[in-house]
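*Asks:* This is the structure I have questions about; it appears just below.
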Ligand code: ARG
Ligand code: GLU
């Protein structure tokens with residue numbers, strides 16, 4: 001064989017390796033793309049898949065574009081503008097906290113829903129904000145410019161953080177916007193976001209919980225789905241169309257862009273695009289990290305949450321007051337309990353660790369012709385391995401802190417009292433005078449709103465029991481361990497003692513304590529449950545969390561290098577950065593899936609399925625009689641399909657995650673076809689490893705949204721300000 005023949009063989013090998021490598025990494029519809037890079041990276045693929053518009057119509061800083069109608073909603077959801085009068089659409093579960101806090105026993109908007117029948121009836125939501133992105137700029141060189149070879153992890157981090165501050169401040173000069181910078185690709189790139197935040201947001205309408213959250217925890221993360229997970233708000237601005245505090249003079253915001261709404265419906269295979277703010281994904285983890293997550297972190301968290309849920313649920317079933325107290329908390333704990341258990345099983349079923357190992361081997365083969373690279377990256381994987389080995393016990397300690405000990409409400413409630421006593425000391429030394437204000441903020445008002453002593457005692461016994469079994473003596477806060485020893489491991493007796501002798505968990509005693517906290521602070525500082533709480537919090541905050549942060553810094557540094565190596569060497573793959581709460585576009589199609597051997601799901605559901613579930617009598621499937629009456633009359637108006645079926649939800653192959661809730665889902669012409677609200681249980685592993693054959697996002701069909709507004713709520717007047725297209 002001559003030299004060129006050898007080269008040819010090498011080339012062929014390289015091609016084969018690249019292909020297997022790519023098939024592991026690049027799957028159809030995978031990716032959460034940055035909108036400003038679509039013109040360069042994605043538009044051709046999107047067009048091939050049916051998209052009819054230009055990249056500039058998705059994102060432009062000079063002209064009105066879709067990006068002007070996509071907004072961050074509250075703390076961590078997405079939303080879309082659907083009228084030139086500032087009307088926005090998001091999920092019911094995204095508006096939940098606001099709807100709940102506007103509610104009272106006799107005006108229960110969660111239970112009954114709420115519909116403003118004119119703009120005067122729209123209800124201001126204190127604390128709620130909506131944020132638009134004005135522009136996105138690459139500032140990588142500004143941020144990384146001071147890094148010198150040989151810098152330690154900590155030196156690098158501090159140089160970066162200080163450049164971020166400087167650059168953010170500079171970007172704010174001379175305008176009324178806010179700015180923030182986020183790392184991408186583990187800090188290989190940095191982008192600056194210039195944003196505008198509105199604070200006068202008013203509730204326009206929400207269906208009752210029995211429709212918005214139909215299916216409750218039973219259906220959460222599960223397909224087929226039948227809830228209308230939407231609520232509507234309006235943004236108010238001052239006369240100059242600028243953000244301002246809530247004020248009766250404010251007027252509806254005039255957005256640069258508003259989505260037209262398609263009433264045509266969707267077919268399997270139709271192009272879909274999700275535009276929103278996905279929170280966090282980790283697609284480029286190594287096999288070592290996935291192994292830790294799948295075999296240790298997820299199982300520990302799931303197991304602890306399962307125990308807590310069982311206790312809460314038992315008490316909630318017995319007593320309606322307790323049920324209301326714990327409803328929101330339960331939903332929060334249950335949401336990620338279910339997500340993690342789906343994720344863990346999905347990863348196992350897909351042989352995720354082996355797949356990652358294979359990809360790592362293939363990467364090494366790909367660069368194996370270069371001995372320097374080969375040594376460098378073999379070494380890199382060895383460092384990953386070592387780092388995760390050392391990190392594993394710490395990560396476990398951390399999970400037992402957050403998911404076990406902090407799963408006891410008493411500890412979470414009492415923890416802030418520590419800073420309260422610190423303030424009080426300052427005051428007593430004549431330094432500060434703000435004590436009364438701090439008192440209100442630091443400790444919960446009595447009677448406790450979301451706390452039942454007996455339920456929490458059960459949580460405490462159960463959590464201490466697992467803790468005692470699972471956490472090594474040497475790794476415990478000293479005071480907790482001495483108490484456990486003193487009570488010979490009898491957690492019931494220990495808990496009885498703690499709760500009986502504490503002023504922090506008893507309505508009457510707490511009331512008395514609040515009245516004379518200042519005078520008798522020494523007594524309350526020696527409360528046994530208080531002492532235990534601070535010994536726990538201080539131990540973990542001082543001994544464990546700083547170490548975790550240091551590991552995370554090191555892991556991030558290796559990831560940064562690995563990420564760079566992948567992008568430099570795997571030439572024909574397009575890389576997208578992990579989700580980090582910033583604006584992204586994912587594109588895919590309306591798609592069904594087969595969850596298991598012998599099973600196939602349709603890509604859509606209809607109101608027939610809702611009624612069918614309702615007839616089962618299961619509590620989560622309760623609906624108000626009005627919905628059933630409309631169903632019996634088949635009063636579906638123009639919202640039904642050609643066969644007269646009223647669709648509720650559909651599934652897509654878009655790559656989405658938490659934070660994408662409320663995102664607009666658009667068709668090939670950029671018209672709104674639905675609102676994203678969940679993923680399928682089998683596909684929750686997509687945060688770690690997306691798989692196009694079964695990872696699905698769940699979307700509320702906008703026709704059902706319109707039907708609920710028009711027919712169920714009788715608020716059809718709102719449709720007049722929307723642009724409906726056939
Ligand atoms: N699983 C969805 C998400 O991650 C919806 C959660 C709210 N709904 C619920 N039933 N808990 O946010
Ligand atoms: N329900 C999620 C959210 O609130 C979206 C579901 C997901 O994680 O994909 O963002």
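*Asks:* Scan the range 322-335 residue by residue and report those that are touching a helix residue (DSSP H, G or I) at 6+ places or on another chain (Cβ under 7 Å) and either more than 11 Å from ligand 1 (Cβ to nearest atom) or within 14 Å of residue 684 (Cβ to Cβ) (or both).
*Replies:* 322, 323, 326, 334
*Asks:* Residue 288: modelled with pLDDT under 95, in contact with a helix residue (DSSP H, G or I) (Cβ under 6 Å, 6 or more places away or on another chain) and crowded, with 20+ Cβ neighbours inside 10 Å, yes or no?
*Replies:* No.
Table: residues versus (1) closer than 27 Å to residue 598 by Cβ; (2) within 16 Å of ligand 2 (Cβ to nearest atom); (3) at pLDDT below 95.
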residue	(1), (2), (3)
629	no, no, no
641	no, no, no
647	yes, no, no
661	no, yes, no
677	no, yes, no
705	no, no, no
722	no, no, no
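*Asks:* If only one of 262, 258, 231 is in contact (Cβ under 8 Å) with a residue 40 or more places away in the chain, farther than 18 Å from residue 120 by Cβ and within 16 Å of ligand 1 (Cβ to nearest atom), which one is it?
*Replies:* Within the list 262, 258, 231, the selection yields 231.
*Asks:* Let me ask another. Please go through the range 84-115 and pick out each residue that is within 16 Å of ligand 2 (Cβ to nearest atom) and part of a loop (DSSP other than H, G, I, E, B).
*Replies:* Within the range 84-115, 91 is the sole residue that qualifies.
*Asks:* Just checking, how many residues over the range 201-242 are away from ligand 2 (no atom under 16 Å from the Cβ), buried (at least 23 other Cβ atoms within 10 Å of the Cβ) and in a loop (DSSP other than H, G, I, E, B)?
*Replies:* 2
*Asks:* Quick check on my filter: what residues within the range 244-255 are touching a strand residue (DSSP E or B) at 6+ places or on another chain (Cβ under 6 Å) and without any contact (Cβ under 8 Å) to a residue 60 or more places away in the chain?
*Replies:* 250
*Asks:* In the range 336-351, how many residues are away from ligand 1 (no atom under 15 Å from the Cβ), in a helix (DSSP H, G or I) and surrounded by fewer than 19 Cβ atoms within 10 Å (Cβ to Cβ)?
*Replies:* Looking only at that region, the number is 3.
*Asks:* Next up: Restricting to helices (runs of 4 or more DSSP H) lying wholly in the range 473-535: which have 1 or more residues that are within 19 Å of residue 416 (Cβ to Cβ) and without any contact (Cβ under 8 Å) to a residue 24 or more places away in the chain?
*Replies:* Answer list for the range 473-535: 507-516, 521-525.
For every residue, the table says whether it meets (1) within 16 Å of ligand 2 (Cβ to nearest atom); (2) in contact (Cβ under 8 Å) with a residue 40 or more places away in the chain.
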site: 332; (1), (2): yes, no
site: 338; (1), (2): yes, yes
site: 346; (1), (2): yes, yes
site: 353; (1), (2): no, yes
site: 356; (1), (2): no, yes
site: 360; (1), (2): no, yes
site: 365; (1), (2): no, yes
site: 369; (1), (2): no, yes
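*Asks:* Of all residues in the range 141-157, which are crowded, with 17+ Cβ neighbours inside 10 Å and modelled with pLDDT of 95 or more?
*Replies:* Passing the criteria: 142, 143.
*Asks:* Also, I was wondering about something else. Given the criteria crowded, with 21+ Cβ neighbours inside 10 Å and in contact (Cβ under 8 Å) with a residue 60 or more places away in the chain, does residue 579 qualify?
*Replies:* yes
*Asks:* Answer yes or no as to whether residue 275 is surrounded by 15 or more Cβ atoms within 10 Å (Cβ to Cβ), assigned to a strand (DSSP E or B) and either touching a residue at least 40 places away in the same chain (Cβ under 8 Å) or away from ligand 1 (no atom under 16 Å from the Cβ) (or both).
*Replies:* Taking the combined requirement at face value, the residue satisfies it.
Residue-wise test of (1) more than 16 Å from ligand 2 (Cβ to nearest atom); (2) touching a helix residue (DSSP H, G or I) at 6+ places or on another chain (Cβ under 7 Å); (3) modelled with pLDDT of 95 or more.
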{"position": "260", "(1), (2), (3)": "yes, no, yes"}
{"position": "267", "(1), (2), (3)": "yes, no, yes"}
{"position": "271", "(1), (2), (3)": "yes, no, yes"}
{"position": "275", "(1), (2), (3)": "no, yes, yes"}
{"position": "284", "(1), (2), (3)": "yes, yes, yes"}
{"position": "300", "(1), (2), (3)": "yes, yes, yes"}
{"position": "306", "(1), (2), (3)": "yes, yes, yes"}
{"position": "312", "(1), (2), (3)": "yes, yes, yes"}
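*Asks:* Okay, next question. For the range 609-701, which strands (runs of 3 or more DSSP E) that fit wholly inside it have 2 or more residues that are crowded, with 22+ Cβ neighbours inside 10 Å and more than 16 Å from ligand 1 (Cβ to nearest atom)?
*Replies:* Result: 647-652, 664-666, 672-679.
The values are calculated or read from the model by the stated rules, or taken from the named source; none is laboratory data. Everything numeric here is computed off the predicted structure, so don't read it as measured data. We place every Cβ from the backbone using ideal geometry, glycine too, and count neighbours over all the protein chains shown.
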